[in-house]
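The values are calculated or read from the model by the stated rules, or taken from the named source; none is laboratory data. Keep in mind the model is a prediction, meaning the values are calculated, not measured. FYI the Cβ positions are ideal-geometry reconstructions off the backbone, even for glycines, and counts take in every protein chain you see.
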Amino acid sequence: MSCNKNDDDDAGPVGSNGSISLKVDGSTWNASLSVQAVNAGGVINVTGSDSNAKQAGITLYGVTATGTYKVGPPNQGNMLRWTEGLGQTQTFQANGVIGDGTITVTELSDSKVKGTFSFTGFNTAQTSKQITEGTFEANF
């Protein structure tokens, strides 16, 4: 294994199968540490993280084609998550119970998923946070 920089270094974070970026509180965030994706049992899950305990997650349930999918009540299964740190109230979610958002899948195959997302997520203290301009691309 070489430590020299090569053309593959620009493909995404180390240990990564893709990319996730979003805007929160007016600042752009990128998953700079790792992006992983799984497509199994009718569930597509894409997660990304950085070295400061920040994470983003996109979960799609039963999605088999491109299109725009709602997140939030009463849409069970689909979920969006933003975590700002390790604290109990630092995770904001939109899922079948709370929050509101959309996931637009622009490319979906047996080996790849790509799209955009935005949402209003809530933490355990019922504080909300707006996540905008989200993009994701990952290989399974």
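Scan the stretch 118-129 and give yes if some residue there is part of a strand (DSSP E or B) and within 19 Å of residue 36 (Cα to Cα), otherwise no.
First, pick out the residues of the stretch 118-129 that are part of a strand (DSSP E or B): 118-122, 128-129.
Of the ones still in play, those that are also within 19 Å of residue 36 (Cα to Cα) are none.
Taking every residue of the stretch 118-129 in turn, none turns out to be part of a strand (DSSP E or B) and within 19 Å of residue 36 (Cα to Cα).
Take the conditions closer than 19 Å to residue 43 by Cβ and in contact (Cβ under 8 Å) with a residue 40 or more places away in the chain and apply them to residue 97. Does it pass? Taking the combined requirement at face value, the residue does not satisfy it.
Are any of the residues in the stretch 64-73 hydrophobic (A, V, I, L, M, F, W, C), in a loop (DSSP other than H, G, I, E, B) and at pLDDT 95 or above? Spell out how you get there, then give the answer.
In the first step, residues of the stretch 64-73 are kept if they are hydrophobic (A, V, I, L, M, F, W, C); the result is 65, 71.
Remaining after also requiring in a loop (DSSP other than H, G, I, E, B): 65.
Checking the rest, the ones that are also at pLDDT 95 or above come to 65.
Looking through the stretch 64-73, at least one residue is hydrophobic (A, V, I, L, M, F, W, C), in a loop (DSSP other than H, G, I, E, B) and at pLDDT 95 or above.
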